[in-house]
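J.: First the structure, which I've put down as structure tokens, then a few questions once you've had a look.
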Amino acid sequence: MEVVPTKTHIALLASPGMGHLIPVLELGRRFAVHHRFLVTIFVVTTDASAAQSQLPHYSSYQDLLDIVFLPPVDISHLVTDSMSIVSQLVLIMRHAMPILCAEVARLKPSPSALVVDLFGTEAFEIADDFGMLKYMFNTSNAWFLALSLYYPHQDETNRRDHAYLHKPLYIPGCATLEYEDTVDMYLLPDDRVLHDDYVKIGLDMAKADGILVNSWEYLEPKTLKALRDPNLLGRFSSVPVYPVGPLIRPVKQVENSISRSTALDCLDLQPTGSVLYVSFGSGGTLSADQLTELAWGLELSQQRFVWVVRPPIESSSFGSYFRQDKRTEDGTPDYLPDGFVSRTREVGLVVEMWAPQTEVLAHESVGAFLSHCGWNSTLESVINGVPMICWPLYAEQGMNTAMLSDHLGVATRSREVGPDGVVSREVIEKTIRRVMEQDEEHGKLVKAKVLDLEHSAKVALAKGGSSHGSLELVAKKCQTGLTSLRERARGA
Ligand code: UDP
């Protein structure tokens, strides 16, 4: 009788937030489709119905993957007003570990590997207990990964000079980080909880069997070389780094006009490359004053636009991060300037809370993307050859901005922020015109560079490309993982 070989089974763990879930789902899909693996995705949420309500957008994944929503974790009694989003995520993940452990124990056949994102490294203990290989999937770029690995070993003088004197931050073998683009552990240098969380994450990820990164060789050659160089970042981690990106959700083909979104219908009627798409990701929010200035800037620029808006939140730029379900479908938002929607009706569309972003960016009418530069949004823009205007809000979005505009030249940034921290309507108008107006030299140069990156991304992902090859290496290790771990356990 023919023996049917057991399929390799791997488990992936996504921390809260669509920005984490989307690339983890996409990585899982690749393992399922390209390598015929059984794939279980564990999703940690703060509000299960909120995350599940987004899944219709991701229905293409449900036939391929076993998606398990872990019961929501309530840490409200532990959260303080001043607690950073990173520390909140670390707490949520820590409290999800016992239930994750029970779920992993139930999986049949036993998975050979556990892949976690940046906030899931505490689950490595579970992987060890069950004899699984353990991988970290860095859903951001290699530069941020480099900083995360370096952080626990960083020179204290350099850390203090950067945090308190705003001097550039040195990261071995990588581009230095200017203070204006820095990340929260330097913006909040006295937050010891945040510091300890980042130290632990940096040390934990160095214990992985491999680190996957949502980037590709052509995009970050210098940083990837530094990560592998035993005299540079390789001093702190000898874990193999696999650039497997860009992994983004594929465009969904929806022909049916009932389920097609208004944004796409509107884009169908616009000339090629004429529309500015404006969105701040799944959680980004602006203050009321800033929303008003942005609305006026858009109107004054007289360019076509599709704008995904959210109600203002004064206290936090990530105010909507844990609340992705609170959206309304109808009505003019009362937080925009009076008459804005009617005045801009001929050129603009306001979409409340959520748009089908990958489909929007793939539409030929879109000419540029005003973005908070979350890494998924960045990749979605690049893979569609859409230049960006950077408006970073939180997390590593400042680093992404520096990379896109200063290092790669595929985006435009404005440094003209008013004393009150608000970017004025005049500056917004000028920046939009600079990018959108066809006769602008700057716009043409940026477009040429983004098209080059788009090409390199497609080459990397195609069979024989660097990212395709990297994922194949990881898949092979997972296929032989159980055998090698058993050998390891036997003391071979
Ligand atoms: N997204 C979307 N529609 C929206 C806002 C966001 O589909 O209206 C998706 C977007 O395509 C991206 C993800 O949500 O895949 C946001 O991830 P990103 O890393 O850009 O930012 P984050 O939300 O994590 O800040």
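J.: Hey, which of the helices (runs of 4 or more DSSP H) in segment 349-462, taking only ones fully inside, have at least 1 residues that are more than 16 Å from the ligand (Cβ to nearest atom) and out of contact with any Cys (no Cβ under 9 Å at 6 or more places or on another chain)?
T.: Here the list reads 425-436, 441-461.
J.: Run Asp330 past the list (1) modelled with pLDDT under 90; (2) within 16 Å of the ligand (Cβ to nearest atom) and report the number of the one that doesn't hold.
T.: With (1) modelled with pLDDT under 90; (2) within 16 Å of the ligand (Cβ to nearest atom) applied to Asp330, the lone miss is (2).
J.: For Pro250, all conditions in the list (1) under 26 Å from the mean Cα position of the chain (by Cα); (2) more than 17 Å from Ala142 (Cα to Cα); (3) surrounded by 17 or more Cβ atoms within 10 Å (Cβ to Cβ); (4) within 16 Å of the ligand (Cβ to nearest atom) hold save one; what is the number of the exception?
T.: Result: Pro250 fails condition (3) only.
J.: Would you point out the residue of segment 278-291, among those that are near the ligand (Cβ under 10 Å from one of its atoms) and touching a Gly at 6+ places or on another chain (Cβ under 9 Å), that is modelled with the highest pLDDT?
T.: So the residue we want is Phe280.
J.: Are there any pairs with C-beta distances below 8 angstrom linking a residue in segment 368-379 that is among the polar types (S, T, N, Q) to a residue that is near the ligand (Cβ under 6 Å from one of its atoms) and not in a strand (DSSP E or B), with the two at least 6 apart or on different chains, and if so which?
T.: Within 8 Å, the pairs are Ser371/Gly281; Ser371/Ser377; Asn376/Gly19; Asn376/Ile22; Asn376/Gly281; Ser377/Gly281; Ser377/Gln357.
J.: A follow-up question, please. Inside segment 266-300, can you point out the residues that are under 24 Å from Pro356 (Cβ atoms) and in a helix (DSSP H, G or I)?
T.: Scanning segment 266-300 gives Cys266, Leu267, Asp268, Leu291, Leu294, Ala295, Leu298.
J.: Exactly one condition in (1) β-branched (Val, Ile, Thr); (2) under 21 Å from Gly283 (Cα atoms); (3) modelled with pLDDT of 95 or more is false for Val351; which is it?
T.: (3)
J.: Which ones in segment 146-180 are more than 22 Å from Asp117 (Cα to Cα) and in a helix (DSSP H, G or I)?
T.: Glu156, Thr157, Asn158, Arg159, Arg160, Asp161, His162, Ala163, Tyr164, Leu165, Tyr179, Glu180
J.: Return the residues of segment 6-28 that are away from the ligand (no atom under 11 Å from the Cβ) and either within 13 Å of Thr139 (Cβ to Cβ) or β-branched (Val, Ile, Thr) (or both); say none if nothing qualifies.
T.: Scanning segment 6-28 gives Thr6, Thr8, Ile10, Leu12, Leu13, Ala14, Val24, Leu27, Gly28.
J.: Can we say Pro168 is of a type outside the set (A, V, I, L, M, F, W, C), under 30 Å from Thr80 (Cβ atoms), free of Cβ contacts under 8 Å to residues at least 40 places away in the same chain and surrounded by fewer than 19 Cβ atoms within 10 Å (Cβ to Cβ)?
T.: Judged against the criteria, Pro168 is not a match.
J.: Working only within segment 261-277, note down all residues that are within 15 Å of the ligand (Cβ to nearest atom) and over 29 Å from Glu396 (Cα atoms).
T.: Hits for segment 261-277 are Ser261, Thr262, Leu264, Cys266, Leu267.
J.: Collect the residues in segment 183-194 that are buried (at least 18 other Cβ atoms within 10 Å of the Cβ) and either in a helix (DSSP H, G or I) or of a type in the set (Ser, Thr, Tyr) (or both), keeping them in residue-number order.
T.: Asp184, Met185, Tyr186, Leu194
J.: Right, next: Please work out if Val115 is modelled with pLDDT of 95 or more and more than 23 Å from Leu224 (Cβ to Cβ).
T.: Criteria not met by Val115.
J.: For Lys458, are the conditions met, namely being basic (Lys, Arg), farther than 21 Å from Gly210 by Cβ and either modelled with pLDDT of 95 or more or surrounded by fewer than 17 Cβ atoms within 10 Å (Cβ to Cβ) (or both)?
T.: yes
J.: Name the residue, out of Thr80, Thr40, that is away from the ligand (no atom under 15 Å from the Cβ), of a type in the set (S, T, N, Q) and modelled with pLDDT of 90 or more.
T.: Thr40
J.: For segment 43-56, indicate whether the set of residues that are over 30 Å from Ser467 (Cα atoms), modelled with pLDDT of 95 or more and acidic (Asp, Glu) is non-empty.
T.: no
The values are calculated or read from the model by the stated rules, or taken from the named source; none is laboratory data. Here the structure is a predicted model, which is why all the values come from computation and not from measurement. For neighbour counting, all protein chains shown are included, and Cβ atoms are generated from backbone atoms with ideal geometry for every residue, glycine included.
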